[in-house]
Every structure is written in C-alpha cells, then in structure tokens.
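Participant: One structure, as structure tokens, below. Some questions next.
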Amino acid sequence: MTATDNSRRRTIRSFVRRAGRLTPSQERALLELWPAYGVDFTPELLDFDVLFRRKAPIVLEIGFGNGNSLVQQALENPSMNFLGVEVHEPGVGHCLLQAHDAGLSNLKLIKHDAIEVLTQQMPLVSLQRINIYFPDPWPKKRHHKRRMIQPSFLELIHSRLRTDGTLHVATDWANYAEHIDDVLGHSALFRCDERREHDGDEALDRPGTKFERRGLRKGHRIWDWRCIRVSNNH
Ligand SMILES: C[S@@+](CC[C@H](N)C(=O)[O-])C[C@H]1O[C@@H](n2cnc3c(N)ncnc32)[C@H](O)[C@@H]1O
C-alpha cells in the first residue's frame, strides 16, 4: 500500500497519544500482568464466554484513564464481566496493577482505539452496558469533530449493545454537555432515561473519577446521562 492509500484510510481519531512516562512498576505490569488481564487487538470477533471462562453480562468502559472507576465497578459487581479499552499506556499499566492487587478475575483490558475495537472485536448485540466517563472534550471548535459522542458513534454502539443495553456518559465540560444533549436528543437509537447536572455529589450509578475531580477543582459542574437502547428489530 502506498503512503497516499494509507493517509486516505486514516479516520478522525478521538485521541492523540499523550506522552506520559511509564513508571518502572507500570512497565513491569505491562509485561508480567498483560497475559492475565490483557486482550491483544486483532481484527477478529471476541468470544466473551471463552475470554472470561464463564457466561455473564459484559460491561465495556471506553477511555478508562487510570482505571480506578473500572476496578471499583468490577469489584462491586462480581457477577458481571468488565472490559476496559484505553490507548494511554501509563493508564493501562496503572489499571493492571490495581486489578492484580484487587485479585480481580472479572476484568480484561484492551490497549487500542475503542472505535476499532468496537467495529472489529465486539460481536453484534453482545454488550449489556457501555460506560464513557469524561471523554476528551476537545474544547476548540475546529476540534469538535474529534469528539467521541457523535451520531455515527451512537449507531456503532447501538449495534453492539444488547436489546436491553444501556449507555452511561458523564462530562464536566458545559459545551460538550450541550453537544451530547443535542446528539442524544436527535437520536432515535437511544432514549435518555435519566440526566443529572450536579457538583460531583450525585454521580449516576458510577464511582468518582480522576478527571471528574480535576474538573471539580477547576469549578466545573458535572453532567451524567443514562440512556436505554431503543429496539429496531436487530
Ligand atoms: C479525559 S480522559 C478520562 C479518563 C477517565 N475516564 C476519567 O474520568 O478519569 C479520556 C480518556 O479517553 C481515552 N481515549 C480517548 N479516545 C479513545 C479511544 N478512541 N479509544 C480508547 N481510549 C480513548 C484517552 O486516552 C483518555 O485517557
């Protein structure tokens, strides 16, 4: 493939790889704990029952950051299987260490672009719940196209959620909250079941997160949504 073909294929990404140094323990975790918790990206559908060695509802967290909320939810919900997707290596290393310390057996991590993971690895109608906590807000107008929550993204996750599946989103950026209200309000694929605006004291069915605390320190408000997948016969 030529360089031109390559660039034509490149899609708009919701992230830039942040330079962040791995601590020695994170580096070790990525080597030593990856075989237990890591799932390599391959363009093939996953078999969740084989992956987790049991049948249980799957919760997917996209962009888990340092993984604190993901590990806490996995600990609090042992009857569910948790899958986290993140591109930031130090965050993945941090999460591996926490998962190991907590002795979790219901958590797996994928270190790759969530859009490609959803498209290529997630079977249709397979996920019970998708959590997206404090996605990158891309505040500059010319960068709004990089925001993860877009109509085409809703179509993608709608196709991967089970018929009774739910989507949970939170942000601390007023302008992103307006954008999310707009995208959800125009979507026939999801029905907003609950929406909260608060000061970090009324998180909707989720633990607090690092980026939430960062936003609160800056004086931001917090918005939470829980949306139900609307059935369209598939
Ligand atoms: C603002 S941080 C929030 C982290 C965490 N959820 C929290 O609340 O502390 C957004 C995270 O999403 C990740 N991210 C953005 N786009 C992604 C994508 N397409 N696939 C996987 N991770 C992504 C970034 O690397 C970053 O760690």
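The values are calculated or read from the model by the stated rules, or taken from the named source; none is laboratory data. Computed from a predicted structure; not experimentally measured. We place every Cβ from the backbone using ideal geometry, glycine too, and count neighbours over all the protein chains shown.
Participant: Looking at (1) more than 17 Å from the chain's Cα centre (by Cα); (2) part of a strand (DSSP E or B), which one does Gly219 not meet, given that it meets all the others?
Facilitator: (2)
Participant: If you go through segment 139-155, how many residues are assigned to a loop (DSSP other than H, G, I, E, B) and without any contact (Cβ under 8 Å) to a residue 40 or more places away in the chain? I'd like the intermediate steps shown before the answer.
Facilitator: Of segment 139-155, the ones assigned to a loop (DSSP other than H, G, I, E, B) are 139-140, 147-150.
Applying the additional criterion that residues be without any contact (Cβ under 8 Å) to a residue 40 or more places away in the chain yields 139-140, 149-150.
Total satisfying the criteria: 4.
Participant: Limited to segment 68-103, what total is found for residues that are touching a residue at least 40 places away in the same chain (Cβ under 8 Å) and not in a helix (DSSP H, G or I)?
Facilitator: 4
Participant: Further question on the same structure: Working only within segment 106-132, note down all residues that are away from the ligand (no atom under 12 Å from the Cβ), in a strand (DSSP E or B) and crowded, with 19+ Cβ neighbours inside 10 Å.
Facilitator: Leu107, Lys108, Leu127, Arg129, Ile130 - these are the residues of segment 106-132 that are away from the ligand (no atom under 12 Å from the Cβ), in a strand (DSSP E or B) and crowded, with 19+ Cβ neighbours inside 10 Å.
Participant: If you don't mind, another one. I'd like the residue in segment 156-172 that is assigned to a strand (DSSP E or B), farther than 21 Å from Asn66 by Cβ and among the aliphatic types (A, V, I, L, M) and, out of all such residues, is nearest to the ligand (Cβ to nearest atom).
Facilitator: Across segment 156-172, the extreme among qualifying residues is Leu167.
Participant: Now a separate question. Just checking, which of Val71, Val39, Val85, Val92 is more than 11 Å from the ligand (Cβ to nearest atom), touching a Phe, Trp or Tyr at 6+ places or on another chain (Cβ under 9 Å) and either at pLDDT below 95 or of a type in the set (A, V, I, L, M) (or both)?
Facilitator: Details: Val39 fails: touching a Phe, Trp or Tyr at 6+ places or on another chain (Cβ under 9 Å); Val85 fails: more than 11 Å from the ligand (Cβ to nearest atom); Val92 fails: more than 11 Å from the ligand (Cβ to nearest atom).
Answer to the check: Val71.
Participant: Still on this structure, I have one more. Gly63: within 14 Å of the ligand (Cβ to nearest atom), closer than 28 Å to Pro137 by Cβ and touching a Cys at 6+ places or on another chain (Cβ under 8 Å), yes or no?
Facilitator: no
Participant: Name the pairs: first residue in segment 205-216 and outside any loop (DSSP other than H, G, I, E, B), second residue more than 8 Å from the ligand (Cβ to nearest atom), Cβ to Cβ under 6 Å, at least 6 apart or on different chains?
Facilitator: Gly215/Asp172; Leu216/Gly200
Participant: Right, next: Output the number of residues of segment 10-26 satisfying the condition of being in contact with an Asp or Glu (Cβ under 9 Å, 6 or more places away or on another chain) and surrounded by 12 or more Cβ atoms within 10 Å (Cβ to Cβ).
Facilitator: Adding up the residues that qualify gives 6.
Participant: For segment 42-50, state whether one or more residues are loosely packed, with under 12 Cβ neighbours inside 10 Å, modelled with pLDDT under 90, within 16 Å of the ligand (Cβ to nearest atom) and not in a helix (DSSP H, G or I).
Facilitator: No, segment 42-50 contains no residue that is loosely packed, with under 12 Cβ neighbours inside 10 Å, modelled with pLDDT under 90, within 16 Å of the ligand (Cβ to nearest atom) and not in a helix (DSSP H, G or I).
Participant: For Gly185, state whether it is touching a helix residue (DSSP H, G or I) at 6+ places or on another chain (Cβ under 9 Å) and without any contact (Cβ under 8 Å) to a residue 24 or more places away in the chain.
Facilitator: Working: touching a helix residue (DSSP H, G or I) at 6+ places or on another chain (Cβ under 9 Å): no; without any contact (Cβ under 8 Å) to a residue 24 or more places away in the chain: yes.
Spelling it out, it is not the case that Gly185 is touching a helix residue (DSSP H, G or I) at 6+ places or on another chain (Cβ under 9 Å) and without any contact (Cβ under 8 Å) to a residue 24 or more places away in the chain.
Participant: Can you confirm whether segment 20-31 contains a residue that is away from the ligand (no atom under 16 Å from the Cβ), more than 16 Å from His112 (Cα to Cα), assigned to a helix (DSSP H, G or I) and under 19 Å from the mean Cα position of the chain (by Cα)?
Facilitator: no
Participant: Hey, any hits in segment 134-141 for a residue that's modelled with pLDDT under 95, in contact with a Phe, Trp or Tyr (Cβ under 7 Å, 6 or more places away or on another chain), surrounded by fewer than 20 Cβ atoms within 10 Å (Cβ to Cβ) and of a type outside the set (A, V, I, L, M, F, W, C)?
Facilitator: Yes: segment 134-141 contains one or more residues that are modelled with pLDDT under 95, in contact with a Phe, Trp or Tyr (Cβ under 7 Å, 6 or more places away or on another chain), surrounded by fewer than 20 Cβ atoms within 10 Å (Cβ to Cβ) and of a type outside the set (A, V, I, L, M, F, W, C).
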